[in-house]
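The values are calculated or read from the model by the stated rules, or taken from the named source; none is laboratory data. Note that the structure is predicted; figures quoted are calculated from it, not measured. All Cβ positions, glycine included, derive from the backbone under ideal geometry; neighbour counts span all protein chains shown. With ligands, DNA and RNA removed, areas are computed over all heavy atoms of the protein, side chains included. Shrake-Rupley method; radii C 1.70, N 1.55, O 1.52, S 1.80 Å.
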Amino acid sequence: MFQSTRLLLMSQSSTTMNVLRTSTIPFTRNIILPTLLKQRSSLLYSVKNNNNNLINSKRFLHQSFVSSSPSHQGEVPPPAQAPVLRPRSKFRTAGKFIWKTTLYSILATIGYFSYQLYREIHPKTQLPQSKTFENGSPRKNLVILGTGWGSVSLLQELDTTLYNVIIVSPRNYFLFTPLLPSTPVGTVNVKSIVEPIRSIIRRTKGSVVYYEAWATDIDPQNKQITVKSVFPGEQEDIKTIDYDYLVLSIGATSTTFNIPGVSENAIFMKEISDSEKVRSKIMKTIEKASFLPRDDPERRKLLNFLVVGGGPTGVEFAAELQDFIKQDLKKIMPEISQDIKVSLIEGLPNILNMFDKKLIDYTEKFLINEDVDLKLNTMVKKVNPDSIIAKCKGEEIELPYGVLVWSTGIKPQQLTLDTMKKLDEQTERRGLLIDDKLRLLGAQDSIFGIGDCTFHPGFVPTAQVAHQEGQYLAKTFQKLYEIDQLKWEQEQPNADINSIKTNIDKIESSIVDFKYAHMGSLAYIGGDKAIMDLNIAGAQYRLSGGNFVFWFWRSVYLSMCVSLRNRVLVTADWVRTFVFGRDSSV
């Protein structure tokens, strides 16, 4: 019915509209026509709604009739079925969790590295040095000799706005010594493990002055040091620097135990220059041997590589050298690689004395399996230009060599020996004696000593000890600054002397003795293997070999680098070595 009504209205309205459109009366065309069009639209909309309501009513009546019919009486209409929810797969859930965790970790890592990179490239503006503070109190001079582990650790932790800090060292960079054995064979580039000292001091709060010079003399009585520029021939190559506090961190030099011929014929493994000499000697010796017939005795002698010293440096260098021979040289010079013999010589019954006995035994067996000739209980007596004379089990033997690397220990620098002579309390020849607060005996009021140049019965000369000593001194100088400020206030008019003295005594008593916390030891032993002897929260963890130990060793060394730049460069070197191998050129 509604459909016919709609058709009738449409036909009638269409006729009417045609008549009105053709009308010549303006009133009819402009007024009546728009009104009728509007009414027509409303009427059609109403008819459409009524038609929809009629359809819905028919559906309702049909359902009621079916439910009330005799054939359907007593039946319960089926309940509406809820949508079936499939249980989530555990693998899918775990996959989503891993994906989100990985994504967030990557974003967090990128954010962290971006922040660290920005801080290194854009350090904050430093406060300039001055003779006095804003309150008129004098700003004291703190002179640091050396740019090693202790000095850099002190600089990174010290608030350099509290002192006029001056650094004197002939080495204008910090050297990451744990990775030095990796540099002669090209596993890591030398430039990747050095950080310019000026970059380090640029990131401190206050301005720091650096002189690239040798400290030639220390005057403890007048609190002065004499320095000489490393660049001779200049007009003012010698100058005197006054200090209020002096930190000696000048390190030590390699020892020869007064064995004849060591200094003239062996190459040490302590500085960058040593690494470059070792690399040049190895590569030139290999090329020289390749020119000789395989049965030539001279060739056999040239391809004998001797490493003297079974400490971490000697073991790691022998391991790196054997890796280079087996992993890289074997591909490009197979005949030469077969004839090279690497020998590790140690005067004691075992190597790596600072490690646990099980780790030592594992390392010795592993090195032997890697074709490293391990010679224990072998004391070197003399070094000739092409051989060494040693004593092994009571017998004297001669070992020819083409390359000899010496890594047996350290001895005091000349400046250390000269300073000992000026202080009666310095009676130990192995280094400068210090007390439990790292103060130099005989000059406790002004001179401190850290690192390899010092001697204390409870501290071993390692990078780990020097690093912690630098951190300790940074806190000590903070308290010394507070004491100096109180003493200056004590000298001012109307000062509360008793109260100030009480505060001074309180701060002085808070300067506790230095306590070394041994975190453990790590060493690379070759073939992508490492050993670790860790001490964490009083618990001992001793592991050897395996991928976990190897990657843990690498991650720890990366974390110990002093800058993001070093971490990125070292990581890039490891990736380059893995993909392309080590470089065999000089």
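Here is how the numbers come out for the structure above:
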read-out: Odd one out for THR255 among (1) farther than 23 Å from GLY150 by Cβ; (2) open to solvent by less than 20 Å² (accessible area, probe 1.4 Å); (3) of a type in the set (S, T, N, Q); value: (1)
read-out: Residue in the stretch 541-560 that is farthest from TYR362 (Cα to Cα), counting only those that are more than 12 Å from the chain's Cα centre (by Cα) and in contact (Cβ under 8 Å) with a residue 60 or more places away in the chain; value: ARG542
read-out: Residues located in the stretch 534-545, provided they are part of a strand (DSSP E or B) and out of contact with any Asp or Glu (no Cβ under 7 Å at 6 or more places or on another chain); value: LEU534, ASN535, ILE536, ALA539, GLN540, TYR541, LEU543, SER544
read-out: Residue list for the stretch 517-575, filter: under 21 Å from GLU370 (Cβ atoms), small (Gly, Ala, Ser) and crowded, with 16+ Cβ neighbours inside 10 Å; value: SER521, ALA523, GLY526, GLY527, ALA530, SER544, GLY545
read-out: Check on ALA474, modelled with pLDDT of 95 or more, open to solvent by less than 90 Å² (accessible area, probe 1.4 Å) and either of a type in the set (Gly, Ala, Ser) or over 29 Å from the mean Cα position of the chain (by Cα) (or both); value: yes
read-out: Which numbered condition LYS487 misses (of (1) open to solvent by 60 Å² or more (accessible area, probe 1.4 Å); (2) within 29 Å of PHE366 (Cβ to Cβ); (3) in a helix (DSSP H, G or I)); value: (2)
read-out: Residue that is farthest from the chain's Cα centre (by Cα), among those in the stretch 400-452 that are open to solvent by less than 50 Å² (accessible area, probe 1.4 Å) and polar (S, T, N, Q); value: GLN426
read-out: Qualifying residues in the stretch 512-525 (those that are part of a strand (DSSP E or B) and small (Gly, Ala, Ser)) - the one farthest from PHE477 (Cα to Cα); value: ALA523
read-out: Test: residue in the stretch 526-533 that is under 29 Å from GLY146 (Cβ atoms) and in a loop (DSSP other than H, G, I, E, B); value: no
read-out: Search result, residues across the stretch 64-118 that are among the basic types (Lys, Arg), at pLDDT below 70 and surrounded by 10 or more Cβ atoms within 10 Å (Cβ to Cβ); value: none
read-out: The stretch 491-507, residues that are open to solvent by less than 60 Å² (accessible area, probe 1.4 Å) and farther than 11 Å from LYS479 by Cα; value: ALA495, SER499, ILE500
read-out: Hits in the stretch 306-345 - residues which are in a helix (DSSP H, G or I), of a type outside the set (Val, Ile, Thr) and in contact with a strand residue (DSSP E or B) (Cβ under 9 Å, 6 or more places away or on another chain); value: PRO312, GLY314, GLU316, PHE317, ALA318, ALA319, GLU320, LEU321, GLN322, ASP323, LYS326
read-out: Any hit, the stretch 445-462, residues being among the acidic types (Asp, Glu), without any contact (Cβ under 8 Å) to a residue 40 or more places away in the chain, within 24 Å of GLN221 (Cα to Cα) and touching a helix residue (DSSP H, G or I) at 6+ places or on another chain (Cβ under 9 Å); value: no
read-out: Output for the stretch 453-462, where each listed residue is open to solvent by 10 Å² or more (accessible area, probe 1.4 Å) and either modelled with pLDDT of 95 or more or in contact with a strand residue (DSSP E or B) (Cβ under 9 Å, 6 or more places away or on another chain) (or both); value: THR454, PHE455, HIS456, PHE459, PRO461, THR462
read-out: Filter result (among the polar types (S, T, N, Q) and assigned to a helix (DSSP H, G or I)) within the stretch 546-586; value: ASN547, SER555, SER559, ASN566, THR571, THR577
read-out: Whichever residue in the stretch 339-388 is among the acidic types (Asp, Glu) and crowded, with 18+ Cβ neighbours inside 10 Å and, among such residues, is farthest from PHE305 (Cα to Cα); value: GLU364
read-out: Qualifying positions in the stretch 231-250 - open to solvent by 20 Å² or more (accessible area, probe 1.4 Å) and not basic (Lys, Arg); value: PHE231, PRO232, GLY233, GLU234, GLN235, GLU236, ASP237, ILE238, THR240, ASP242, ASP244, ILE250
read-out: Filtered residues of the stretch 447-488 (kept if over 30 Å from SER499 (Cβ atoms) and aromatic (Phe, Trp, Tyr)); value: PHE455, PHE459
read-out: Unmet requirement for ALA495, which otherwise passes all of (1) within 32 Å of the chain's Cα centre (by Cα); (2) among the small types (Gly, Ala, Ser); (3) part of a loop (DSSP other than H, G, I, E, B); value: (1)
read-out: Residue in the stretch 242-258 that is closer than 27 Å to SER559 by Cα and under 23 Å from the mean Cα position of the chain (by Cα) present; value: yes
read-out: Qualifying residue in the stretch 114-130 (condition: of a type in the set (Lys, Arg) and within 30 Å of ILE272 (Cα to Cα)); value: yes
read-out: Pair list, Cβ < 7 Å and 6+ apart or interchain, from the stretch 200-227 residues that are without any contact (Cβ under 8 Å) to a residue 40 or more places away in the chain and closer than 18 Å to ASN164 by Cβ to residues that are hydrophobic (A, V, I, L, M, F, W, C) and open to solvent by less than 60 Å² (accessible area, probe 1.4 Å); value: GLN224/ILE241
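The rows are residues; the columns are (1) open to solvent by 60 Å² or more (accessible area, probe 1.4 Å); (2) modelled with pLDDT of 95 or more.
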{"residue": "THR187", "(1), (2)": "no, yes"}
{"residue": "ILE200", "(1), (2)": "no, yes"}
{"residue": "ARG203", "(1), (2)": "yes, no"}
{"residue": "ALA213", "(1), (2)": "no, yes"}
{"residue": "SER229", "(1), (2)": "no, no"}
